[in-house]
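Report on the structure given below.
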Amino acid sequence: LRDADPTVKGGGALPASSGCEQQSVAPAGRLPNVAVAKIVRIGAGRARVKLLCPRASHVRCAGTLRLQRLDATTLARGRFALRRGAHATLALRLRRAAGRGAAQVLARERDADGRAKVTLARVKLRRF
């Protein structure tokens, strides 16, 4: 069987690029990574989330944002788009009562090459 495989020459090891799997590694600094404030303000049926797109990013920060309890119950969701170096407060309509305590923000975006990037930030819910 070893002789029938054209990639094995003289019973040696397989070449480095055997074609069985593809790996892609993002270059340093190419991933957008929106920053999320540690405190999310809750009130009047809205959740206010502060976001920051790093100035060093090569592309704008754009994607979807989801506010969840720690048990993954979705409280609110929405979309965002920020220029490089910009910051904004996103007002999301709450789907259910949020309460107080800990939660998490899940931000999904794409880098300059189209690869998916997910940012998960743990936040505190505070009334205003």
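Overview of results
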{"item": "Mean Cα-pair separation over length for the range 41-128, i.e. relative contact order, pairs under 8 Å, 6 or more apart, %", "result": "33"}
{"item": "Rounded to whole Hz, the Karplus (6.51, -1.76, 1.60) HN-Hα couplings of the range 101-117, x for glycine and proline", "result": "x, 8, 8, 9, 10, 10, 10, 10, 8, 10, 7, 5, 9, x, 7, 5, 9"}
{"item": "FRET efficiency estimate (nearest 0.05) - Cβ-Cβ, ARG126 to ALA62, R0 25 angstrom", "result": "0.40"}
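Each reported figure results from applying straightforward, stated rules to the coordinates on display, with no laboratory input. Quick caveat, the model's predicted, so the values are computed rather than measured. Here the Cβ is made from the backbone with ideal geometry for all residues, glycine too, and neighbour counts use every protein chain on show.
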